[in-house]
Each structure stands twice: as C-alpha cells, then as structure tokens.
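Data first, discussion second: the structure below is written as structure tokens.
The values are calculated or read from the model by the stated rules, or taken from the named source; none is laboratory data. Here the structure is a predicted model, which is why all the values come from computation and not from measurement. Cβ placement follows ideal geometry from the backbone for every residue including glycine, while neighbour counts extend to all protein chains displayed.
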Amino acid sequence: MMQPADSNLTILTRGVVEAMGYDLVGVEFFRRGTGGSTLRVYIDQERGITLEDCAAVSDQLSGALDVEDPIPGHYDLEVSSPGLDRPLVFPEHFRRFAGCAVRIRLVEKLEGRRKLEGVLLGCGEEGIVGLDVDGRRWDIPLHAVESARLVPTR
C-alpha cells in the first residue's frame with residue numbers, strides 16, 4: 001500500500017531521495033505472508049532514471065533505514081523508476097499531470113463507483129482532484145483516493 005505523505009517512512013525516504021537530487025514519486029510497503037516485507041521506493045528526475053541511479057539511492061537509503069530502523073523485522077528494499085503507469089501520490093503529482101489520462105481507485109464507493117478512469121483536470125487548493133469521466137466532472141478529496149496511476153498513451 002502506498003504510504004501517506006506524512007508517514008514517518010515517507011518523510012525519512014523523501015529526505016534521503018531529495019538530498020541526492022531526485023524526486024520521490026512514492027513509497028509502498030507491504031507484507032508478504034510469512035516471508036517478510038517489501039519496501040518499494042519510486043524515484044524520478046527530468047532526465048529519467050538509470051539502474052545506477054536506483055543503486056545509488058538504494059545504498060544511501062539502506063544506510064538511513066539501518067540507523068533509523070523504522071521497519072521491524074526483515075524486509076527487502078526495492079528502488080525503481082515509476083514506469084509509464086506511474087503512481088500519483090502527492091498533490092504536486094496531480095498538478096503536474098493535469099490533462100493526462102488516469103485510473104483512480106477510491107477508498108470507498110462514490111455514487112456507486114470505486115474505480116474511475118478519465119482525464120485529470122488538476123488538483124485544487126483544497127486538495128481536490130478534478131477528473132473528467134465520460135464528459136462528467138468528478139471532484140474527489142485526495143484522502144478518498146486509494147491509488148491513482150497514469151494511463152500510458154500509445
């Protein structure tokens with residue numbers, strides 16, 4: 001599950017990633033049955049992300065995580081680019097990708113729907129996502145968004 005912007009894990013990760021000159025796209029943490037957990041960190045920058053970028057961030061972040069120890073038990077750390085279907089997590093992501101096609105999954109149903117796909121209109125001052133689905137505008141509070149991803153164009 002994508003970690004909220006104010007979680008300790010996201011704050012720690014953002015500090016390391018941004019100090020290295022990258023943008024933090026998102027932080028996912030999930031448990032894998034009895035086999036431990038996975039911490040997945042998505043990074044980006046204007047020129048794109050290379051394998052070397054991921055390795056450098058992984059090394060720095062691993063050290064910070066060892067010192068701060070925010071995750072009990074064993075976990076695997078994965079650092080990657082966000083990909084073409086990049087997640088949208090922070091308000092600045094929704095503003096940056098206004099005009100793009102997105103898929104949004106809501107925490108709970110809104111007017112009978114939990115999944116929406118349409119054109120992102122932006123993110124207002126009150127943290128509201130405007131979404132055009134089939135010619136209809138939806139205003140959705142960010143706290144009501146479980147996940148949001150860009151829809152890759154061909």
Report task. Of the conditions (1) of a type in the set (D, E, K, R); (2) surrounded by 13 or more Cβ atoms within 10 Å (Cβ to Cβ); (3) out of contact with any strand residue (DSSP E or B) (no Cβ under 8 Å at 6 or more places or on another chain), R103 clears all except one; give me its number. Result -> (3)
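Which residue, of G83, G122, G118, G130, is surrounded by 13 or more Cβ atoms within 10 Å (Cβ to Cβ), closer than 17 Å to V27 by Cβ and not aliphatic (A, V, I, L, M)?
Values: G122 fails: closer than 17 Å to V27 by Cβ; G118 fails: closer than 17 Å to V27 by Cβ; G130 fails: closer than 17 Å to V27 by Cβ.
None of the others qualify; the one that does is G83.
Which of the residues spanning the stretch 134-143 are surrounded by 14 or more Cβ atoms within 10 Å (Cβ to Cβ) and either without any contact (Cβ under 8 Å) to a residue 40 or more places away in the chain or over 25 Å from S7 (Cα atoms) (or both)? Talk me through it step by step, then tell me what you get.
Of all residues in the stretch 134-143, those surrounded by 14 or more Cβ atoms within 10 Å (Cβ to Cβ) come to 138, 140, 142.
W138, I140, listed by residue number.
Evaluate the following for I49: is it closer than 26 Å to G15 by Cα, in the same structural domain as V16 (by TED's automatic domain parsing) and buried (at least 18 other Cβ atoms within 10 Å of the Cβ)?
Working: closer than 26 Å to G15 by Cα: yes; in the same structural domain as V16 (by TED's automatic domain parsing): yes; buried (at least 18 other Cβ atoms within 10 Å of the Cβ): yes.
So I49 fits the description; yes.
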Query raised in the report: Which pairs have Cβ atoms under 7 Å, sit 6 or more apart or on different chains, and link a residue in the stretch 62-85 that is assigned by TED's automatic domain parsing to the domain that holds T13 and among the charged types (D, E, K, R) to one that is surrounded by 11 or more Cβ atoms within 10 Å (Cβ to Cβ) and modelled with pLDDT under 90?
Result: D76/G36
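For E92, state whether it is more than 19 Å from Q45 (Cβ to Cβ), surrounded by fewer than 13 Cβ atoms within 10 Å (Cβ to Cβ) and modelled with pLDDT under 90. Please lay out each step first, then the result.
Working: more than 19 Å from Q45 (Cβ to Cβ): no; surrounded by fewer than 13 Cβ atoms within 10 Å (Cβ to Cβ): yes; modelled with pLDDT under 90: yes.
No, not satisfied.
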